[in-house]
1. Would you mind putting 75-81, 36-42, 55-61 in packing order, based on average other-beta-carbon counts within 10 Å, highest first?
2. Accessible area of Glu33, 1.4 Å probe, to the nearest 10 Å²?
3. Compute the signed sum of charges (Lys and Arg +1, Asp and Glu -1) over the other residues within less than 10 Å, Cβ to Cβ, of Ala29.
4. Quick check: net charge around Ala85, other residues with Cβ under 14 Å of its Cβ, Lys/Arg +1 and Asp/Glu -1?
5. Put a dot 7 Å past each Cα toward the Cβ at Gln67 and Arg87; how far apart are the dots in nm?
6. If packing is taken as the mean number of other Cβ atoms within 10 Å per residue, what is the order of 83-91, 65-73, highest first?
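The values are calculated or read from the model by the stated rules, or taken from the named source; none is laboratory data. All of these numbers come straight from a predicted model, not from anything done at the bench. For neighbour counting, all protein chains shown are included, and Cβ atoms are generated from backbone atoms with ideal geometry for every residue, glycine included. The accessibility values were calculated without ligands, DNA or RNA, using every heavy atom of the protein model including side chains. Shrake-Rupley method; radii C 1.70, N 1.55, O 1.52, S 1.80 Å.
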Amino acid sequence: MSGDSVSNAAPIGGVSMMSDVIAQIARAAAELEAELRALLQLEQDAPPSLRDDLDVLPCLLVERFPQLCDERAELRGLLKIGRAASRSEHLSPAVAAAALAMVAEFRAIIARLSARPVVIGV
């Protein structure tokens, strides 16, 4: 997902409906960030550099779960879209739909990782 996913173009399908979708994306992305922090055992009162840097969570996730290295760029893009949505920036309908689907995919990954016992020293 490229960094150009956020669009300032007028949304298709009605402003009110897109506003609701953008709010839904903002909530879902914030919840995803919270789930990532919990999975990575990061404190909610972490320094701003850990809270605000879009690269930190994807890098920490890959550091802890190397099998997710192919997902790092997608997660970073998704977090960027979530931040744009939280600022009520317009997103194209295609980007909005993809973001919601990606949040669901990442939440499923987190659920699987959370359920898996962590083996240390193996």
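1. In descending order of packing, they fall as 75-81, 55-61, 36-42.
2. That residue has around 20 Å² of solvent-accessible surface.
3. Around Ala29, the charge tally is +1.
4. Net of charged neighbours comes to 0.
5. 3.6
6. 83-91, 65-73
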